[in-house]
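Enquirer: Once you've had a glance at the structure underneath, I'll fire off some questions.
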Amino acid sequence: MRLLSAFVVGLIFGVGIAISGMINPAKVLNFFDIAGTWDPSLIFVMGGALVTTFIGYRVVLRRDKPAIEERFQLPTARDIDARLVGGSAVFGIGWGIAGFCPGAAVPALGSGKVEVVGFVAALLVGLWVARLVQAKQAGRKAMA
């Protein structure tokens, strides 16, 4: 059931990203081009996501537990540290350069475009490198 629900949620997300046009990197890059070919549609996509999330959290968190899991898995960290700021900066720079964020790149794989495959490959390499760095840092802390 968990796998099926993950598939359905991913499918709905992917269809939404495709319908909104966010799998097109030019649309995203035009949002950042305020002095040129500015396209404000990304604001509406993000606004819709914020409203949906705001309402969804309030409805779902009224329940004692989720439908498929034993408990809710919500983030507990509230610190704004170098790791959070650095990761956000890398994400934003990559998004601004490529016009893709990971959420839009995965559904865009269906387009078969080489640049999408390259972006997703770079994303996977980046995730792998980040895990190596984290493991190395954890090893240093354990030795101290």
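The values are calculated or read from the model by the stated rules, or taken from the named source; none is laboratory data. Keep in mind that this is a model prediction, so the values were computed, not measured. Cβ coordinates were reconstructed from backbone atoms using ideal geometry, including for glycine residues, and neighbour counts include every protein chain displayed.
Enquirer: Within the range 84-102, work out how many residues are surrounded by 14 or more Cβ atoms within 10 Å (Cβ to Cβ) and on the phi < 0 side of the Ramachandran plot. Working first, answer last.
Expert: If we filter the range 84-102 for residues that are surrounded by 14 or more Cβ atoms within 10 Å (Cβ to Cβ), which is where we start, we get 94-95, 98-102.
Cutting the leftovers down to on the phi < 0 side of the Ramachandran plot gives us 94-95, 98, 100-102.
The qualifying residues number 6.
Enquirer: State all residues of the range 25-41 that are under 21 Å from V120 (Cα atoms) and in contact with a helix residue (DSSP H, G or I) (Cβ under 8 Å, 6 or more places away or on another chain); if no residue qualifies, say none.
Expert: Correct list: P25, K27, V28, L29.
Enquirer: Right, another one. Taking the condition modelled with pLDDT of 90 or more, assigned to a loop (DSSP other than H, G, I, E, B) and surrounded by fewer than 10 Cβ atoms within 10 Å (Cβ to Cβ), does D79 pass?
Expert: Working: modelled with pLDDT of 90 or more: yes; assigned to a loop (DSSP other than H, G, I, E, B): yes; surrounded by fewer than 10 Cβ atoms within 10 Å (Cβ to Cβ): yes.
Spelling it out, D79 is indeed modelled with pLDDT of 90 or more, assigned to a loop (DSSP other than H, G, I, E, B) and surrounded by fewer than 10 Cβ atoms within 10 Å (Cβ to Cβ).
Enquirer: Something else about it: Within the range 1-27, can you find the residues that are loosely packed, with under 13 Cβ neighbours inside 10 Å and of a type outside the set (G, A, S)?
Expert: Answer for the range 1-27, where residues must be loosely packed, with under 13 Cβ neighbours inside 10 Å and of a type outside the set (G, A, S): M1, R2, L3, L4, F7, V8, V9, L11, I12, V15, I19.
Enquirer: Can you tell me which of A104, A130, A138, A142 is at pLDDT below 90 and closer than 21 Å to G16 by Cα? Give the steps one after another, and end with the answer.
Expert: Details: A130 fails: closer than 21 Å to G16 by Cα; A138 fails: closer than 21 Å to G16 by Cα; A142 fails: closer than 21 Å to G16 by Cα.
Result of the check over A104, A130, A138, A142: A104.
Enquirer: Kindly establish whether F72 is part of a helix (DSSP H, G or I) and under 30 Å from R2 (Cα atoms).
Expert: Details: part of a helix (DSSP H, G or I): no; under 30 Å from R2 (Cα atoms): yes.
Considered against the rule, which asks whether it is part of a helix (DSSP H, G or I) and under 30 Å from R2 (Cα atoms), F72 comes out as no.
Enquirer: Here is a follow-up. What are the residues in the range 28-71 that are among the β-branched types (V, I, T) and surrounded by fewer than 10 Cβ atoms within 10 Å (Cβ to Cβ), if any?
Expert: Step one: list which residues in the range 28-71 are among the β-branched types (V, I, T), which gives 28, 34, 37, 43, 45, 51-53, 55, 59-60, 68.
Matches in the range 28-71: I34, V59.
Enquirer: Give the residue, chosen from L50, L29, that is touching a Gly at 6+ places or on another chain (Cβ under 6 Å), of a type in the set (A, V, I, L, M) and within 26 Å of F119 (Cβ to Cβ). First the steps, then the outcome.
Expert: On the way: L50 fails: touching a Gly at 6+ places or on another chain (Cβ under 6 Å).
Of the residues listed, the single one that is touching a Gly at 6+ places or on another chain (Cβ under 6 Å), of a type in the set (A, V, I, L, M) and within 26 Å of F119 (Cβ to Cβ) is L29.
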